[in-house]
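Trainee: Have a look at this one.
The values are calculated or read from the model by the stated rules, or taken from the named source; none is laboratory data. As the structure is a prediction and not an experimental result, all values here were calculated from the model. Virtual Cβ from ideal backbone geometry, glycine too; neighbours counted across all protein chains shown.
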Amino acid sequence: MRSMAMSPPVPAAVLGRRYTHFSDDPISASHLFASTIFLQSCARSKPVGWACGGGLRISCFSKRVKRAISNNHILASIADVSLDQTTEISKVPKGDMWSVHKFGGTCMGTAKRIQNVAEIILQDSSERKLVIVSAMSKVTDMMYNLVYKAQSRDGSYVSALDDVFEKHLLTAKELLDVDDLEGFLSLLHNDISNLKAMLRAIYIAGHATESFSDFVVGHGELWSAQMLSYAIKKNGKPCCWMDTREVLIVDPSSSNQVDPNYVESEKRLEKWFAQQPPDTIIATGFIASTPQNIPTTLKRDGSDFSAAILGSLVRARQVTIWTDVDGVFSADPRKVSEAVILRTLSYQEAWEMSYFGANVLHPRTIIPVMKYNIPIVIRNIFNLSAPGTMICQQPQKENGEGMILESVVKAFATIDNLALVNVEGTGMAGVPGTASAIFGAVKDVGANVIMISQVH
């Protein structure tokens with residue numbers, strides 16, 4: 001008998017669909033139209049940070065936003081888009097001089113919270129700071145909803161896009177000075193115009209390729225990074241914002257997962273850094289590019305992964321993940337009232353807790369920092385007095401009050417919405433291929449097997 005514990009598949013509307021080529025069906029023309037918009041967006045919608053068929057440009061702000069577009073032509077195929085190979089290479093300084101911070105959507109949810117984030121960055125005395133930000137709270141869901149509505153031929157995507165624009169407009173008006181507001185709104189209007197054209201093409205086609213969907217969804221991080229950069233500069237600290245699609249290169253490995261290409265990412269980072277070596281960088285989380293410079297994402301919860309990858313590239317002293325809880329609990333406090341904050345966790349403990357359902361980090365987030373023994377600290381942006389939880393190499397075993405734990409059990413994790421499937425029968429004994437057939441059926445429905453038990 002074989003037993004399998006499975007989690008339900010992710011809805012196709014969230015994952016999107018992959019199409020590798022155009023065919024002769026009636027929607028091909030719409031796809032080609034969308035491709036044209038996509039390429040034009042690469043060239044026009046990012047005047048200070050998106051490279052397409054030309055030299056790599058740093059995403060720095062000035063009082064006057066330069067909107068000049070290079071004379072480089074746009075090639076016919078997305079795969080042909082390439083970075084200028086003549087850019088001078090400059091070694092990126094690496095080591096303990098760097099501190100990496102990641103702020104999630106809750107931390108970036110309002111103008112006041114973005115200003116609080118800016119103050120935390122300004123108070124960091126590190127020589128160099130790399131800050132990764134998510135989109136504002138709920139914006140990623142709003143962007144996914146735009147794609148879903150458009151590919152469902154629901155015309156309300158137009159008003160939904162207006163809501164996205166209004167949210168960022170009101171936040172920028174409250175956060176930024178007049179000159180900075182003018183620059184940001186110029187970029188915002190341009191992005192919204194391109195998104196309208198892209199969504200219109202998706203509406204006509206009736207579905208979105210994964211690349212088009214990722215292009216739309218990734219705009220939330222671009223806007224939040226720009227606003228935070230302006231907020232920091234307003235306080236007198238020079239900084240630049242980084243569109244990580246220019247730097248972070250990943251190789252798609254499945255419909256819902258990508259693998260970092262560290263060699264190529266390091267090369268791209270050196271090219272980006274050669275333009276100007278800023279002390280403070282505000283980088284977009286969640287988004288990346290393929291080796292062919294096609295925008296993609298690190299999928300859900302990808303901003304933590306972005307912080308870990310970038311932290312490993314600069315060999316940072318520490319990666320701090322800012323959230324809305326005091327740290328990692330020994331159990332779900334909603335289910336176990338005696339749960340305490342764990343002051344330290346090993347990489348292995350954190351990975352296992354994440355894998356088995358604890359709200360710590362995505363399991364893949366831990367992998368990049370382990371190689372260079374870079375600690376991750378989970379802290380609460382709304383309770384700066386709390387020390388948080390440090391995830392590092394073989395920490396001392398202690399609880400939230402600093403008391404040494406005698407028990408070998410450090411924490412409990414639970415997973416909801418699981419199904420236990422028993423497969424048994426006398427006809428299974430000695431029959432080759434039984435296990436393959438079982439797991440093939442599970443794979444076909446998109447279920448994730450997290451535990452296997454076999455009894456003879």
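Trainee: Kindly provide the set of residues from the stretch 225-246 that are of a type in the set (D, E, K, R), modelled with pLDDT of 95 or more and assigned to a helix (DSSP H, G or I), ordered by number.
Mentor: Once the filter is applied, which keeps residues that are of a type in the set (D, E, K, R), modelled with pLDDT of 95 or more and assigned to a helix (DSSP H, G or I), the stretch 225-246 yields ARG245, GLU246.
Trainee: For the stretch 173-182, how many residues are touching a residue at least 60 places away in the same chain (Cβ under 8 Å) and surrounded by 21 or more Cβ atoms within 10 Å (Cβ to Cβ)?
Mentor: Of the residues in the stretch 173-182, 2 are touching a residue at least 60 places away in the same chain (Cβ under 8 Å) and surrounded by 21 or more Cβ atoms within 10 Å (Cβ to Cβ).
Trainee: Look at PHE356 and say whether it is modelled with pLDDT of 90 or more and over 21 Å from the mean Cα position of the chain (by Cα). Give the steps one after another, and end with the answer.
Mentor: On the way: modelled with pLDDT of 90 or more: no; over 21 Å from the mean Cα position of the chain (by Cα): yes.
Spelling it out, it is not the case that PHE356 is modelled with pLDDT of 90 or more and over 21 Å from the mean Cα position of the chain (by Cα).
Trainee: Quick one: in the stretch 367-389, of everything that is under 20 Å from the mean Cα position of the chain (by Cα) and assigned to a loop (DSSP other than H, G, I, E, B), which residue is farthest from ASN256 (Cα to Cα)?
Mentor: In this case the residue turns out to be ILE381.
Trainee: Could you list, in sequence order, all residues of the stretch 135-185 that are out of contact with any Asp or Glu (no Cβ under 6 Å at 6 or more places or on another chain) and assigned to a loop (DSSP other than H, G, I, E, B)?
Mentor: MET136, SER137, LYS138, SER152, ARG153, ASP154, GLY155, SER156, LEU176, ASP177
Trainee: Run down ILE249, ILE287, ILE282 and say which single residue is β-branched (Val, Ile, Thr) and in contact with a Leu (Cβ under 7 Å, 6 or more places away or on another chain). I'd like the intermediate steps shown before the answer.
Mentor: Values: ILE249 fails: in contact with a Leu (Cβ under 7 Å, 6 or more places away or on another chain); ILE287 fails: in contact with a Leu (Cβ under 7 Å, 6 or more places away or on another chain).
Just a single option satisfies the conditions, and that option is ILE282.
Trainee: What do you reckon, is VAL421 surrounded by 16 or more Cβ atoms within 10 Å (Cβ to Cβ), assigned to a strand (DSSP E or B) and modelled with pLDDT of 85 or more?
Mentor: no
Trainee: Separate question: Just to be sure before I move on: is ASP251 within 28 Å of VAL147 (Cβ to Cβ), without any contact (Cβ under 8 Å) to a residue 40 or more places away in the chain and not in a helix (DSSP H, G or I) in the structure I sent?
Mentor: Criteria not met by ASP251.
Trainee: Sticking with this one: Among all residue pairs at least 6 apart or on different chains, which show Cβ distances below 7 Å where the first residue, located in the stretch 291-302, is within 16 Å of HIS219 (Cβ to Cβ) and the second is surrounded by 20 or more Cβ atoms within 10 Å (Cβ to Cβ) and charged (D, E, K, R)?
Mentor: PRO295/ASP214; PRO295/ARG245; THR296/ASP214; THR297/ASP214
Trainee: Right, here's the next one. How about the stretch 107-143: which of its residues are over 26 Å from LEU313 (Cβ atoms) and not aliphatic (A, V, I, L, M)?
Mentor: GLY109, THR110, LYS112, ARG113, GLN115, ASN116, GLU119, SER137, LYS138, ASP141
Trainee: Only one of ARG334, ARG364, ARG315, ARG300 is modelled with pLDDT of 90 or more, basic (Lys, Arg) and outside any strand (DSSP E or B); which?
Mentor: ARG315
Trainee: Here's a follow-up. For the structure I just gave you, tell me whether THR320 is touching a strand residue (DSSP E or B) at 6+ places or on another chain (Cβ under 7 Å), in contact (Cβ under 8 Å) with a residue 12 or more places away in the chain and either over 25 Å from VAL377 (Cβ atoms) or not in a strand (DSSP E or B) (or both).
Mentor: no
Trainee: Might you check whether a residue that is within 21 Å of THR110 (Cα to Cα), under 13 Å from the mean Cα position of the chain (by Cα) and crowded, with 24+ Cβ neighbours inside 10 Å occurs anywhere in the stretch 236-257?
Mentor: no
Trainee: Kindly list, by first and then second residue, each pair from a residue in the stretch 125-152 that is more than 12 Å from GLY220 (Cα to Cα) to a residue that is crowded, with 22+ Cβ neighbours inside 10 Å and of a type in the set (Lys, Arg), limited to pairs with Cβ atoms under 8 Å and residues at least 6 apart or on different chains.
Mentor: Taking only residues 6 or more apart or on different chains, the pairs are VAL131/LYS102; ILE132/LYS102.
Trainee: Sticking with this structure for a sec: Can you report the number of residues in the stretch 426-448 which are modelled with pLDDT of 80 or more, part of a loop (DSSP other than H, G, I, E, B) and loosely packed, with under 10 Cβ neighbours inside 10 Å? Show your work before the answer.
Mentor: Pass one, the stretch 426-448, residues modelled with pLDDT of 80 or more: 431-448.
Applying the additional criterion that residues be part of a loop (DSSP other than H, G, I, E, B) yields 431-433, 445-447.
Adding the requirement that they be loosely packed, with under 10 Cβ neighbours inside 10 Å leaves 432-433, 445.
Residues meeting the conditions: 3.
Trainee: Sticking with this one: When you scan the stretch 283-317, how many residues do you find that are among the aromatic types (Phe, Trp, Tyr) and in contact with a Gly (Cβ under 7 Å, 6 or more places away or on another chain)?
Mentor: Number of matching residues: 1.
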